[in-house]
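Taking it in order: structure first as structure tokens, then the write-up.
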Amino acid sequence: SFDLFGHREEILYRVRDVNKYAKAESTVKLQEIKEEYEEARRNNQIKELSPLDMGMLEYETIGFYVTADPIDIISEEIRMRGGTVGLHANQMRLNGKYYIGGQVYNMHPHQTAKGDKMGFMAVDDGQVNHEITLFPAVYAKAIKWMEEGYYVGVTVDVGSYRNQHSLSAISVE
């Protein structure tokens, strides 16, 4: 509903100036504030909000998505990069490589018998939950993205463990 009052990024940038708006007694003061915003925008001090950013702010503020659900945006990004969405590991070709992604909803660090750090990551692509093993080399590079709530793209290798298809990360972004 606040879109009627201007660009969302402008409104967010000016939250601290709400009091100025409320107390402004003339159009001159409002014009000064608008000019200050336009100057900041010209100088790239204000970041244009992507649909993903807007959706995240909406979720933080009101508890649900209005503009865009991040999982829809991530799923589309995965497809645009030639990846798959909604495909269970057991539907993937054994020894195949796939690009999948989604929201990290569980992360479990582990230590190998040699003492190297590795981990297991659970990713929800909006349709399917994937359990992905991150061996030490990949784990070391990807640890910064392996936090619940983050959105990731993962290139996986499909293997077999105890007669079930298993996913091992080749790379994480």
(request) Would you please name the residue that is farthest from MET92 (Cα to Cα), looking only at residues in region 158-170 that are in contact with a strand residue (DSSP E or B) (Cβ under 9 Å, 6 or more places away or on another chain) and open to solvent by 50 Å² or more (accessible area, probe 1.4 Å)? (result) ILE170
(request) Could you list, in sequence order, all residues of region 128-159 that are outside any helix (DSSP H, G or I) and aliphatic (A, V, I, L, M)? (result) VAL128, ILE132, LEU134, MET146, VAL152, VAL154, VAL156, VAL158
(message) Would you confirm, using the coordinates I've provided, whether TYR99 is closer than 23 Å to ASN163 by Cα, touching a residue at least 40 places away in the same chain (Cβ under 8 Å) and not in a loop (DSSP other than H, G, I, E, B)?
(response) yes
(request) Could you list, in sequence order, all residues of region 69-89 that are hydroxyl-bearing (Ser, Thr, Tyr) and assigned to a helix (DSSP H, G or I)? (result) SER75
(request) Return the only residue of TYR105, TYR99, TYR59 being modelled with pLDDT of 85 or more, in contact with a helix residue (DSSP H, G or I) (Cβ under 9 Å, 6 or more places away or on another chain) and aromatic (Phe, Trp, Tyr). (result) TYR99
(request) Please list, ordered by first then second residue, the pairs with beta carbon atoms under 8 Å, 6 or more apart or interchain, first in region 115-136 and under 11 Å from LEU167 (Cα atoms), second in a loop (DSSP other than H, G, I, E, B). (result) MET121/MET146; LEU134/MET146
(request) May I ask you to say which residue of ASP116, ASP125, ASP69 is modelled with pLDDT under 90 and not polar (S, T, N, Q)? (result) ASP69
(request) Provide a single number: the residues in region 55-79 that are open to solvent by less than 40 Å² (accessible area, probe 1.4 Å) and not hydroxyl-bearing (Ser, Thr, Tyr). (result) 7
(message) Suppose we keep only residues that are more than 14 Å from ASN90 (Cβ to Cβ) and not hydrophobic (A, V, I, L, M, F, W, C) within region 115-132. Which one would you say is most open to solvent (accessible area, probe 1.4 Å)?
(response) LYS117
(message) Pairs please, first residue from region 54-68 and part of a helix (DSSP H, G or I), second anywhere and among the hydrophobic types (A, V, I, L, M, F, W, C), Cβ atoms under 6 Å, 6+ apart in sequence or on different chains.
(response) GLY55/ALA68; GLU58/VAL66
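The values are calculated or read from the model by the stated rules, or taken from the named source; none is laboratory data. Quick caveat, the model's predicted, so the values are computed rather than measured. Note that we place each Cβ from the backbone using ideal geometry, even for glycine, and neighbour counts take in every protein chain shown. Protein only, heavy atoms only, side chains kept; ligands, DNA and RNA dropped before computing areas. Shrake-Rupley method; radii C 1.70, N 1.55, O 1.52, S 1.80 Å.
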